[in-house]
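Following: one structure in structure tokens, then a few remarks.
The values are calculated or read from the model by the stated rules, or taken from the named source; none is laboratory data. All figures in this text were calculated on a predicted structure; none of them were measured in a lab. Reconstructed Cβ throughout: ideal geometry from the backbone, glycine too, with neighbour counts over all protein chains shown.
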Amino acid sequence: MSKLWGGRFTKETNEWVESFTASIEFDQQLALEDIEGSLAHVQMLGECQIISEEDANLIRNGLLALKGKIERGELEYAVEHEDIHMNIEKHLIDEIGNVGGKLHTGRSRNDQVATDMHLFLKRKTIEIIGLVDEVQLAILRQSKSNVETVIPGYTHLQRAQPISFAHHLMAYFWMLERDKERLIDSLKRIDVLPLGAGALAGTTFAINRERVAQLLGFESVYPNSMDAVSDRDFILEFLSIASIIMTHISRLSEEMVIWSSQEFGFIELDDSFCTGSSIMPQKKNPDVPELLRAKTGRTYGNLMGLLTVLKGLPLAYNKDMQEDKEGMFDTVKTVEGTLKLLAPMIDTMNVNVKAMRKAVAEDYSNATDLADYLVTKGMPFREAHSVVGRIVLRAIQQKVYLCDISMDEYQSFSELIDEDVYDVLKPENVVAARNSEGGTSQQQVRKQIELAETRLLKKEAPVT
């Protein structure tokens, strides 16, 4: 079948080349964006009298008919028409006749595809911001219920100091808050219109790019036509932000896997987010957080893939840029799916308060507070650190904890230690004592939760 661009060629495209170079298998996801961009373009062509009002209305009605077919899943795509743009143009000509060919006046597939991707990524970024909100709300709900819940805090995966479980969870809230801020800020770079740049040099037709930007809801237009068709920074930025989001989710997922193990027993995930074993009937596997952890690799790979594609490309458009879409689509799908699973998984997880309390009662994570106690009695911190180190060693040798050591034995290390030390060493009091701003005390955690709720309620909606 003759191509819409085939006038200059004397041979049909090799069948394998046709299949290998076609993008319709994946860029059909841009079908509605392609229609949206075309509707704005043809309205502008009519208003500028580049085509007649009659032709513009005919094309508009044809595009709306195709839009209906796309939404109903009735439009068929063919590899021989290469991409979503040529497929829609072919269907439009079939629908309304040769006048459909006038739609491509004053534009190229180069600026057309860039416009489609800007429209797609703008919509998806706004949707992902909303999904991040849902995860943050789930974290807030669990945190509100666990301000008083005490859990070991870790460094090097070794028990360090007792903390509020809510404080631990809220660390992920703030990670996601930064992710959301990055997404919102990225909309500035997405919200720029490439259409009207043509293949690379603009067009001879007296088009009105600002009018198209207004119709499509873009804040501005690219000031340089070559940059407009070759810029993929906005996709790189999205892939980078997505990778950071997935890094944060992977860290939380790792903790969920650890916490739900029998060795820890700090949480139990809802059955709806776990699977069993085909051979071991007792197993309850945390498959969902494991898979979320693994999905991070996909987003990293997609970012590195596009960076590699773009790194040596001369201006302006090159066929290499066809490789910009699959990774973008895959990352959008991965991040959306991950966030949709994460929010209800956090909401429904059961927190084993007793197991957490038992863990902090059976370790030496209150040792720093014993050193601080000696400092308040007048001992220099370095000396206090050494004294407490010897006390901990003695306790380990005797297989007891700091709260179990007798007063006589304490005073054999330092006469500064008195009966009030036992209150200081209680895990709840250890947590409460860290009342510096941003600390883990119950008072500070409640303050932090209040701030987080205010942020969510007052957050301005991103540009739509």
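Observations
- Residue in the stretch 140-150 that is under 30 Å from ARG455 (Cα atoms), of a type in the set (A, V, I, L, M), touching a strand residue (DSSP E or B) at 6+ places or on another chain (Cβ under 9 Å) and modelled with pLDDT of 95 or more present: yes
- The sole residue among GLY130, GLY101 that is free of Cβ contacts under 8 Å to residues at least 12 places away in the same chain and out of contact with any Gly (no Cβ under 9 Å at 6 or more places or on another chain) is GLY130.
- Against the numbered list (1) surrounded by fewer than 18 Cβ atoms within 10 Å (Cβ to Cβ); (2) under 21 Å from ILE163 (Cα atoms); (3) of a type in the set (Ser, Thr, Tyr), THR454 comes up short only at (2).
- Residues of the stretch 260-292 classified as in contact with a Leu (Cβ under 9 Å, 6 or more places away or on another chain) and in a helix (DSSP H, G or I), total: 5
- Residue count for the stretch 252-290 satisfying the condition of being surrounded by fewer than 16 Cβ atoms within 10 Å (Cβ to Cβ) and in contact (Cβ under 8 Å) with a residue 40 or more places away in the chain: 3.
- Residues that are touching a residue at least 12 places away in the same chain (Cβ under 8 Å), farther than 30 Å from LYS340 by Cα and either not in a helix (DSSP H, G or I) or not basic (Lys, Arg) (or both) occur at least once in the stretch 230-237.
- Unmet criterion (only one of (1) at pLDDT 95 or above; (2) touching a Lys or Arg at 6+ places or on another chain (Cβ under 8 Å); (3) surrounded by fewer than 20 Cβ atoms within 10 Å (Cβ to Cβ)) for PHE234: (3)
- Test for ILE70: is it closer than 25 Å to ASN208 by Cβ and at pLDDT 95 or above: no
- Residue in the stretch 220-237 that is of a type outside the set (Asp, Glu) and more than 29 Å from LEU315 (Cα to Cα) present: no
- Just one of (1) more than 21 Å from MET321 (Cα to Cα); (2) buried (at least 20 other Cβ atoms within 10 Å of the Cβ) fails for GLU76. It is (2).
- Selection within the stretch 316-346: residues that are hydrophobic (A, V, I, L, M, F, W, C) and at pLDDT below 95. The member of this set that is nearest to THR275 (Cα to Cα) is MET321.
- Residue in the stretch 390-425 that is nearest to PRO162 (Cα to Cα), counting only those that are part of a helix (DSSP H, G or I) and free of Cβ contacts under 8 Å to residues at least 12 places away in the same chain: ASP423
- Boolean, ALA242 is outside any loop (DSSP other than H, G, I, E, B), touching a strand residue (DSSP E or B) at 6+ places or on another chain (Cβ under 6 Å) and modelled with pLDDT of 95 or more: no
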